[in-house]
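The values are calculated or read from the model by the stated rules, or taken from the named source; none is laboratory data. Because the structure is a prediction, the values reported are computed rather than measured. Quick reminder, even Gly has a Cβ in these numbers, built from the backbone with ideal geometry, and neighbours come from all protein chains shown. For accessibility, only protein heavy atoms count, side chains too; no ligands or nucleic acids. Shrake-Rupley method; radii C 1.70, N 1.55, O 1.52, S 1.80 Å.
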Amino acid sequence: MSNANRKQSKQDRPEVVTLTVHDLNNLGCGVARMPDGAPDGGLVVFIKGAVTGDVVRAQIIKRTKSFCVGRLQEIITPSPMRAEEVFCGAPEACGGCVYRHIRYEAELSSKHERVKQAFRQAGLSDVVVRPVLAVTRDGQPVTKGYRNKGMYPVKQGKNGMEAGFFAAKTHKVIPCFDCALQPDAFGELVRAVCKLCDKYRVTAYDEETGKGMLRHIYLRSAADGTVLLTLVVKERLSKQASEGFVHELVGRFPRLCGILLNINRDNTNVVLGDKFITLWGKDYLEDTLCGKRLRLSAGSFYQVNHDAAELLYNTAADMAGLTGREHLVDLYCGAGSIGLSMSDRVADVTGIEIVPEAVECAKVNAALNGLESDRARFFCGDASDAHKFLAAAEEGGAPAPDIAVIDPPRKGTTRELISEIATRDIRRVVYISCEPETLGRDCAVFREFGYEIGEVQPVDLFPRTGHVESVVCLTRR
């Protein structure tokens, strides 16, 4: 064999290394380092399925200048943090339960450290981060079946329609009807929808060709088990298919409150289109949160974990130190759930939200809870235009707020809005965030504008996943 062939043969051999895992990131990957003495000694290696404290054998499948990726081949010495039981039977490629391999107490510790690290990176190492709060029942943590929202992409399989979840960082559908995070009723309903698609020749939409009809099966549920079903489709179903779906699903699933179509003709990653069509029943879901009745349209934002949301909102209200005299403004208010949950503890609530449909839901929800228009007002506005965002409420007769609640999207809020809040001398700001890194960044800006940062309280709204919610109260100096 020539020297060139020997060199090529050596390069083709898989590189397998023994590593000690020293950390776990929020994507569920164990973090190790290449052995000293290796050409890339000390380089970080990410290994999916590995746990802090494991000693593993891993095959290096990707190498860059700054990190490597390893495929777990063998656990030589398991970590004490490793879970004893399998949490979920779904394929690991679905990418949902990234903490499925570790004990829950270790997951909470990891999430606590992530929030602390986010504030350290923002230059706020002096800020106290409390231990993570979690929902328990009969003294045990609730980590299964908590999601009240399921979004199932579909594909055409060899034996008919299949539904499941996208593999992490791809649009490849991993077939899976049963998810440990979803209620059992979701899996049964999704199975039934897939069989009806085969029966009525409703095919799965193909993103590459643009052909096919059904894009997603979208479910929302209330605490009492009521379910709203939305079929996301490229075009309206035939009359035969529509009537068949209604007849067979309503007879079989008594907890259904409505069956909707959502029309999405665009070749886009956005799941929902703008148009909803009611095939049967109600076009909304009703739930009770923190003692308040809420009516939710299919497209309205709502926390996916009902019991943890109550824990979060009650914690936020306690941190706000409400006395009953405050004029509260709820920014990014959605269907009004946060502001309404605090309405008994303030003088009045003003909500501002960019989605018109959500604003209308918020107005309905205020009326459902007996709040007159002088105690609960809701306006449509865009947070990117900070002055108009708040001015719209004042022009509508709302009093000047002295406390604000903000619950922005994952990207956080803007410096302009923080400046506007400070200019209006709003004394307290309760900031709820689903992204520790943007929360730390924005808190640093609030400090620049003269606000003191209180203790940060993480709350686990998303057990077994890499997400963690946090709330903090900022006070004007």
I need a count of the residues in the range 190-248 that are of a type in the set (A, V, I, L, M) and out of contact with any helix residue (DSSP H, G or I) (no Cβ under 9 Å at 6 or more places or on another chain). 5
I'm trying to understand the selection: among the residues of the range 150-160, which are surrounded by 18 or more Cβ atoms within 10 Å (Cβ to Cβ) and touching a residue at least 60 places away in the same chain (Cβ under 8 Å)? 150, 152, 153, 154
Of residues in the range 75-106 being part of a strand (DSSP E or B) and more than 26 Å from residue 176 (Cα to Cα), the one nearest to the chain's Cα centre (by Cα): 75
Can you tell me which of (1) closer than 23 Å to residue 146 by Cα; (2) in contact with a Pro (Cβ under 6 Å, 6 or more places away or on another chain) is the one residue 458 doesn't meet? (2)
Here is a list: 164, 160, 187, 150. Which entry is farther than 21 Å from residue 468 by Cα and touching a helix residue (DSSP H, G or I) at 6+ places or on another chain (Cβ under 6 Å)? 160
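What residue, of 474, 417, 439, 461, is open to solvent by less than 10 Å² (accessible area, probe 1.4 Å) and modelled with pLDDT under 95?
Numbers: 474 fails: modelled with pLDDT under 95; 439 fails: modelled with pLDDT under 95; 461 fails: modelled with pLDDT under 95.
From the options 474, 417, 439, 461, the qualifying one is 417.
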Here the residues within the range 291-332 that are in contact with a helix residue (DSSP H, G or I) (Cβ under 7 Å, 6 or more places away or on another chain), hydrophobic (A, V, I, L, M, F, W, C), closer than 23 Å to residue 183 by Cβ and surrounded by 22 or more Cβ atoms within 10 Å (Cβ to Cβ) are 294, 296
If you take the residues of the range 29-50 that are out of contact with any Gly (no Cβ under 6 Å at 6 or more places or on another chain) and closer than 24 Å to residue 462 by Cβ, which of them is surrounded by the most Cβ atoms within 10 Å (Cβ to Cβ)? 30
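From the list 270, 246, which one is touching a strand residue (DSSP E or B) at 6+ places or on another chain (Cβ under 6 Å), among the aliphatic types (A, V, I, L, M) and surrounded by fewer than 16 Cβ atoms within 10 Å (Cβ to Cβ)?
Numbers: 270 fails: touching a strand residue (DSSP E or B) at 6+ places or on another chain (Cβ under 6 Å).
Only one candidate passes the filter, namely 246.
Out of 79, 125, 109, I need the residue that is buried (at least 16 other Cβ atoms within 10 Å of the Cβ) and either within 30 Å of residue 442 (Cα to Cα) or free of Cβ contacts under 8 Å to residues at least 40 places away in the same chain (or both). Which one? I'd like the intermediate steps shown before the answer.
On the way: 79 fails: either within 30 Å of residue 442 (Cα to Cα) or free of Cβ contacts under 8 Å to residues at least 40 places away in the same chain (or both); 125 fails: buried (at least 16 other Cβ atoms within 10 Å of the Cβ).
Sole residue among the options that is buried (at least 16 other Cβ atoms within 10 Å of the Cβ) and either within 30 Å of residue 442 (Cα to Cα) or free of Cβ contacts under 8 Å to residues at least 40 places away in the same chain (or both): 109.
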Conditions: (1) modelled with pLDDT under 90; (2) among the aliphatic types (A, V, I, L, M); (3) surrounded by 15 or more Cβ atoms within 10 Å (Cβ to Cβ). Residue 371 meets all but one. Number of the miss? (1)
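Have a look at 352, 338 and point out the one that is surrounded by 22 or more Cβ atoms within 10 Å (Cβ to Cβ), modelled with pLDDT under 95 and either more than 30 Å from residue 253 (Cα to Cα) or within 18 Å of the chain's Cα centre (by Cα) (or both). If you could, list the steps in order and put the result at the bottom.
Working: 338 fails: modelled with pLDDT under 95.
Step by step, each of 352, 338 is checked, and only 352 is surrounded by 22 or more Cβ atoms within 10 Å (Cβ to Cβ), modelled with pLDDT under 95 and either more than 30 Å from residue 253 (Cα to Cα) or within 18 Å of the chain's Cα centre (by Cα) (or both).
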Conditions (1) crowded, with 17+ Cβ neighbours inside 10 Å; (2) modelled with pLDDT of 90 or more; (3) under 21 Å from residue 464 (Cα atoms) -> residue 56 fails only (3)
Looking at the range 433-467 only, could you name the residues that are under 17 Å from residue 109 (Cα atoms) and in a strand (DSSP E or B)? 456, 457, 458, 459
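Among the listed residues 118, 163, which satisfies the condition of being over 27 Å from residue 242 (Cα atoms) and not basic (Lys, Arg)? Walk me through how you get there before you give the answer.
Working: 163 fails: over 27 Å from residue 242 (Cα atoms).
The conditions single out 118.
Please give the strands (runs of 3 or more DSSP E) falling wholly within the range 134-199 in which 2 or more residues are aromatic (Phe, Trp, Tyr).
Working: elements: 149-157, 160-166, 173-175.
Filter on the range 134-199 gives 160-166.
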What about residue 346, is it buried (at least 20 other Cβ atoms within 10 Å of the Cβ), among the β-branched types (Val, Ile, Thr) and over 21 Å from residue 434 (Cβ atoms)? yes
